[in-house]
1. Taking Lys196 as the anchor, which lysines have their alpha carbon closer than 19 Å to its alpha carbon, excluding any fewer than eight residues away along the same chain?
2. Taking Cα pairs under 8 Å and at least six residues apart, what relative contact order does the range 270-388 come out at, in percent?
3. Would you mind computing, in nm to one decimal, how far apart the modelled labels at Leu170 and Arg62 are, each placed 7 Å from Cα along Cα→Cβ?
4. Tell me, what % of the accessible area of the range 700-754 is carbon and sulfur with a 1.4 angstrom probe?
5. Could you tell me which of rounded, prolate or oblate describes the range 659-755, using a ≥ b ≥ c as the square roots of the eigenvalues of the alpha-carbon gyration tensor, with rounded for a/c under 1.5 and, failing that, prolate when a/b is larger than b/c and oblate otherwise?
6. Which whole-number value in Å³ per residue fits the convex hull of the alpha carbons of the range 40-118?
7. Could the peptides 686-697, 429-440, 268-279 be put in order, highest first, of the mean number of other beta-carbon atoms found within 10 Å of their residues?
8. Accessible area of the range 81-152 with a 1.4 Å probe: how many percent of it is carbon plus sulfur?
Amino acid sequence: MIPGWVLLLVSAGYVCLLFAVAYAGDQRAPVGSKLRPLVYALALAVYCSSWTFYGAVGTAARDGLAFLPIYLGPLLVMLFGWRMLERLVLISGEQRIVSIADFLSSRYGRAPGLAALVAAVAVIAAVPYIALQFKAVAMSVDVLAPGRTDGTLGDPALYVAVLLALFAILFGTRQIDATEHHRGMVLAVALESLVKLLAFIAIGLFAMLHLPGTGDTVDRVLQAATTVGAQGLPGSFVAQTLIAFTAILCLPRQFHVGVVECQDAGDLRPARWLFGGYLVLVSLFVLPITLAGTDQLAASGVSPDTYVLALPLALDRESLALFAYIGGFSAATGMVIVSSVALSTMVSNDIVMPLLLRSGVLRHDEAIDRPVLWVRRATIAAIAMLAYAYHRGAVGSDSLARHGLLAFAAVAQFAPALIGGLYWRGASRAGAFAGLLAGALLWAYTLLLPELSRGGWLGADWVESGPFGIGVLRPHQLFGMQGWDTLTHGVFWSLLINIGTFVFMSMRYRPRLQDQLLAAPFLDPYSQRQPLVPGGGAWNVRAGELLALAERILGERHAQRAFAEYARQSERTFAADAPADRALLQFTERLLASAIGAASARLTLTSALRGSGMELGEVVSLLDEASQELRFNREVLSSTLENISQGVSVVDAQMRLVAWNRRYQELFDYPDGMLYVGRPVADLLRWNAERGEMGAGEIEAQVERRLEHLRAGTPHVFERVRANGQVIELLGRALPGGGYVTSYSDITDYKRVESELREVNETLE
């Protein structure tokens, strides 16, 4: 037994060391390119929490090879799915992503509701997982210093919660820019990963010297492996491997260290082998520790989760037991620190601050940097206290693995939207939100609520008999499915409903044009980006491609006419193969804006020319559906205008023609082909002035005077007498957002009758 004051002193000293390392990392220059992949790989090893440090041995002692899936899942990602992680790193660096909630929100059209849902699910999943770390620390102290954890004041889990919350606040919330790399924190986490690896290897080597059986050490290790393997694979092997595979991408702390904190995507290639080797080393030493612990301690009734500590202590190796305690303490602290920082960023950015801004407590024109930091700090403290409360209340769960699997199954609900968003262009905001919500509710019903009931938080009757006594709705046998273990059952139903809802809703509610354009960088992060900057820049787009783009929106006839008119006014020949210059790009944007609005026009062009990775032909194909709807709406508008007896013309804020009817053309005798979408209204005014339609005076002065009137948006009613005696009444009104609509009525007959009546009246008098 080790005195309690020694454990307290060692724990405090170790935390002080972490503070020193984190402070030095923040103050000094960044780690060089040669060491950076190693630090990055060790930071990724924050995946190995106290669950893997203590719980893997406990799982192996109880269920044999059941500990393997937790290592196998991330190994499969590093071997075969690392490109997904590379995509996440590239996209997040380009888009300044700060969390997995921010990533999913940005992928699906800046959806704040989706971000808030992701943040809420992540917090709910993290509380039991962080509680696991506190439980592991309390358990380790109880093993090394029995009787020291009685009473709240003597509970080391409380001290750990406070210390780690303080550490996360000091080194994780020092600046508001969450995309800024926390070099000191990452360096401290890397040190913790190295310490826990060395401690686990030391215990593993020690255990190999005390394995049961005959022969040399190698023979006894093989006998140990055979003994554990003889128990076979657990029923939940596939389910555990699947959720471990998704966890390396979807756990908030893994996304933070693996994506947000990655300084260079090139570090991933060497780091994946280093991290994979780390996992292999840890998994290899689980077997000798398990077999030696079972041989030495099974008869004493010691919990298998404590074999890592109890084995050296039982063989009078207190210094080695203390080293193991430090390793387990490192495993717990690293997970809690990174999770707290990641969760606080999501909660502040996606839940609390939007509520404060909408409620008026904070205004957009106020400085919000300090409130954001305090919200993050308060969130870290609140999460630590919630996890501590869960640790104290979940008395019915004696297995560390159960807490971890619960969290893994929860964050696996992010995977359909995350992976689908990387590869499926048809994935929509409605599908991602509905799928995640449905999956999270099924996870809570089949896994979380039974766990809370088992821990005494909820009544147990409804779990055994089903809600209202309906047996088919029992959480562990939903819809009558029997023969599966609880985890497989919950993972199957939650992910099935999640994926099914995601696909169905995405096909039912297709992504909007703007959402598809915003999603383009997420679908092709490897494309070469050529920024389009004011005053210069380079791009690989030709004039003919811009014409093809305009034809999809405006129709072939109108687009070709507009481009021909542009070429005539710019006094040059239009060549489809010629590179597009800035003037042509600006003209195309204005032309598209007349049909689909300025915002969509800008998105369309910038998606093709910078930062989106989309080829222009791909943009054209993407716009097919939208353009068909636009053409349909234009046809409806055109049919409506054609059935009006008055002439009608509509110009946009740039004083360009966007709509008219045939009656308007007939009233002013415009030649065929003169009217087209995007035609400057100044050309029409000039054409009328040259024919005497506006009376005497300088032509350009008349044109400018009428343009100023249209720009001012002043309503007017005016009668114009044409040279042929025709009288036309003009009724004009401004449009919301800019532009002007004018109707032209032929009132010649009315004026003639009015004149005749006036003459009759004068004769009678």
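The values are calculated or read from the model by the stated rules, or taken from the named source; none is laboratory data. Not measured: the values here are computed from a predicted model. Neighbour counts are summed over all protein chains in view; Cβ atoms, including those assigned to glycine, are modelled from backbone coordinates with ideal geometry. With ligands, DNA and RNA removed, areas are computed over all heavy atoms of the protein, side chains included. Shrake-Rupley method; radii C 1.70, N 1.55, O 1.52, S 1.80 Å.
1. Filter leaves Lys135.
2. On the way: 54 pairs, mean separation 20.0, N = 119.
Relative contact order here is 17 percent.
3. 3.6
4. Numbers: 1830 of 3260 Å².
Result for the range 700-754: 56 percent of the exposed heavy-atom area is carbon or sulfur.
5. Values: a/c = 1.38, a/b = 1.28, b/c = 1.08.
Here the range 659-755 falls in the rounded category.
6. Numbers: hull volume 10.1 nm³, N = 79.
So the per-residue hull volume is 128 Å³.
7. Details: 686-697: 13.6, 429-440: 23.8, 268-279: 19.3.
Descending mean neighbour count gives 429-440, 268-279, 686-697.
8. Values: 1050 of 2050 Å².
Carbon and sulfur atoms account for 51 percent of the accessible area of the range 81-152.
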